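The values are calculated or read from the model by the stated rules, or taken from the named source; none is laboratory data. What you are looking at is a predicted structure, and each value in this text was computed from that prediction instead of being measured. Don't worry about glycine lacking a Cβ; one is built from the backbone with ideal geometry, like all the others, and counts go over all protein chains shown.
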């Protein structure tokens, strides 16, 4: 274990006070967005902060934001973190969320070392961490629970008993591990024929993920809504709730959008659910900030029913929406981290349930490093440029900064955008505008997808369910890259050729020649798409051009084709464009006869890709040499296999000269701790292997090339083979 200080405090020995908290130093046992969120409160309240970091985070924003930082091997190394706290003089440890935040052993280790753990007692963490025990505990306190049955630890039910218990409960059923969460090991079972096999699979995954194969089986709610209630409890017996959050918009059991209050609940229903959450907190002797999660549904008669799901014994990712809408004694806005610190210091809660009210509506969206239009594939890469929204009613909790990198080492959530409005419609409108102002270049994010999701008619109407994204997804993104983006990228490349005035007319890169200016062909390719040719010709002063987007598959040749100012080679009339960059080169403004649009721009020197971003969308384009279109062996392109995401190569199970069939795994790439097999697109022979295990690859990097079988070998009858264009379509 290593606990080396990264730097000393700028003001050694000083620590402000927050009223009753006194001189205090707090170690934040986390990273990224939540570490920065906690440090923001520490700074505002005058408390000293200590960070921990791994080698991958040595220059990360949370490391640099702290007054002092200590290196650890892993964020799950409880002994190293406690040692760092003692070495730094910290008296409190805030665990954030994830990592060790719900680890009872870590909470006890803090207490045994004389440190204050900013969270509930270890006994409460244990009671709520086991789903079976938690369900029994809250049911005894009168909290509604779903019908079902459980296994005893280490005693899986025999098949006949499993089938009998399931029949008594009634199908459909939901199988889930007792010891874990995050959707791992969960199985929906709709008929007895699948029960035994699904239970066995769930046990295997539960054992692998959590070290415990014990299962909990519950009645499956068909169109569930995920509604959770924020609770607060102090060590003086006071317990209250701060209302609910609607968290039904999820993909793969992971939340994507949250809001408060829920559009489903009435004031009376809110009070009833809040009272149930308070009873659940009291049942386990809870102290601190926690969240009680419920599954809710509305019957045919409109009657609401809800059942206990689980209790999260920590601060939730989505806590900002509660902070934005809760009012105490009529004043909107609370700081849940500050309340956590005060409760941990032994103070009573500073307000009562009767003094709590709710004002307006808040929405939170999670910015993930993923390609939502390609099955939510993880992404990554350098953060070449970053612009975040701001303004009234807009808040961004971020864990990344320009100049950093998104890697597969940690969770793919980069930031949270939170908006507040006087009503739900206003908060959603403000969120759409905020997402339109969020641009990150260098890594694919889900920002554009979030905008489409929030415009979904069911989302606008508040008709939510946890299966909405899977069963009724928002419209897909437009196919391909918009022509105006290709045009913008081409003129941006053309601007690279502009230089200072020269007395040599032939040295001016404006395409001038005797008889008229020439066209400069730019062959641009976006990942997953064919190359598109864009022709550009100087049209007067620098930055003024005629532009013709020729479309995929065009052969640019030498630029000497008979293209006139009136028509391009496709017969379409070229467009007059005025392009200029900002003084710092980070923005490109393109004006056409009917529109002006400004892009954020950046170059990735590692991949030679150029990124453009606008209105919440981002595009990456690579300039291919014009000779790429002149290869005679068109079929060779069919077998070029590229990485669908940035990541690390785990395995290359083929070698040069090996014959493969379509579907054969060529390379295994890991991204965000998920493995992805990249398969051969055609039958053929491996001609090149461009990577090896351990290699880091950017998205769209060439991995393997397969030489397809010849037309005669594939089709003895002599039928024409599939062309490159057909294959790629």
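Per-structure values
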| read-out | value |
| --- | --- |
| Residue within segment 460-478 that is closer than 26 Å to residue 587 by Cα and either surrounded by fewer than 19 Cβ atoms within 10 Å (Cβ to Cβ) or without any contact (Cβ under 8 Å) to a residue 40 or more places away in the chain (or both) present | yes |
| Condition broken by residue 536, with the remaining ones in (1) in the same structural domain as residue 575 (by TED's automatic domain parsing); (2) within 37 Å of the chain's Cα centre (by Cα); (3) at pLDDT 95 or above satisfied | (2) |
| Filtered residues of segment 112-140 (kept if surrounded by fewer than 16 Cβ atoms within 10 Å (Cβ to Cβ) and part of a loop (DSSP other than H, G, I, E, B)) | 113, 114 |
| Members of segment 583-592 found to be closer than 15 Å to residue 385 by Cβ and surrounded by 20 or more Cβ atoms within 10 Å (Cβ to Cβ), listed by number | 588 |
| Number of the exception - residue 595 against (1) exposed (fewer than 15 other Cβ atoms within 10 Å of the Cβ); (2) modelled with pLDDT of 90 or more; (3) under 26 Å from the mean Cα position of the chain (by Cα) | (3) |
| Options 73, 33; residue that is within 17 Å of residue 100 (Cα to Cα), in a loop (DSSP other than H, G, I, E, B) and in contact (Cβ under 8 Å) with a residue 40 or more places away in the chain | 73 |
| Matching residues in segment 189-205 - criterion: being within 32 Å of the chain's Cα centre (by Cα) and either surrounded by fewer than 19 Cβ atoms within 10 Å (Cβ to Cβ) or part of a helix (DSSP H, G or I) (or both) | 190, 198, 199, 200, 201, 202, 203, 204, 205 |
| Among the candidates 572, 576, residue that is more than 33 Å from the chain's Cα centre (by Cα), over 29 Å from residue 438 (Cβ atoms) and modelled with pLDDT of 95 or more | 576 |
| Output for segment 59-70, where each listed residue is touching a residue at least 40 places away in the same chain (Cβ under 8 Å) and surrounded by fewer than 22 Cβ atoms within 10 Å (Cβ to Cβ) | 59, 61, 63 |
| Subset tally (residues that are modelled with pLDDT under 95 and part of a loop (DSSP other than H, G, I, E, B)) for segment 211-241 | 9 |
| Residues within segment 82-113 that are at positive phi and without any contact (Cβ under 8 Å) to a residue 12 or more places away in the chain, tallied | 0 |
| Any hit, segment 273-283, residues being in contact (Cβ under 8 Å) with a residue 12 or more places away in the chain, in contact with a helix residue (DSSP H, G or I) (Cβ under 6 Å, 6 or more places away or on another chain) and either in the same structural domain as residue 242 (by TED's automatic domain parsing) or in a loop (DSSP other than H, G, I, E, B) (or both) | yes |
| Members of segment 36-46 found to be assigned to a helix (DSSP H, G or I) and either surrounded by fewer than 21 Cβ atoms within 10 Å (Cβ to Cβ) or at positive phi (or both), listed by number | 40, 41, 43, 44 |
| When residues of segment 47-58 are limited to those that are surrounded by fewer than 21 Cβ atoms within 10 Å (Cβ to Cβ) and modelled with pLDDT of 95 or more, the one nearest to residue 104 (Cα to Cα) | 54 |
| Where residue 660 falls short, out of the listed (1) modelled with pLDDT of 80 or more; (2) under 30 Å from residue 605 (Cα atoms) | (2) |
| Residue check for residue 56: outside any loop (DSSP other than H, G, I, E, B), over 12 Å from residue 337 (Cβ atoms) and out of contact with any helix residue (DSSP H, G or I) (no Cβ under 7 Å at 6 or more places or on another chain) | yes |
| Condition met for residue 80 (modelled with pLDDT of 95 or more and either more than 29 Å from residue 129 (Cβ to Cβ) or surrounded by 22 or more Cβ atoms within 10 Å (Cβ to Cβ) (or both)) | no |
| Counted residues, segment 242-253 - those being surrounded by fewer than 24 Cβ atoms within 10 Å (Cβ to Cβ) and over 23 Å from the mean Cα position of the chain (by Cα) | 1 |
| Odd one out for residue 108 among (1) outside any helix (DSSP H, G or I); (2) over 19 Å from residue 180 (Cβ atoms) | (1) |
| Residues that are in a loop (DSSP other than H, G, I, E, B) and farther than 25 Å from residue 335 by Cα, drawn from segment 59-70 | 59 |
| Residue within segment 422-432 that is at pLDDT 95 or above and farther than 16 Å from residue 454 by Cα present | yes |
| Test: residue 153 is surrounded by 14 or more Cβ atoms within 10 Å (Cβ to Cβ), more than 15 Å from residue 218 (Cα to Cα) and touching a residue at least 12 places away in the same chain (Cβ under 8 Å) | yes |
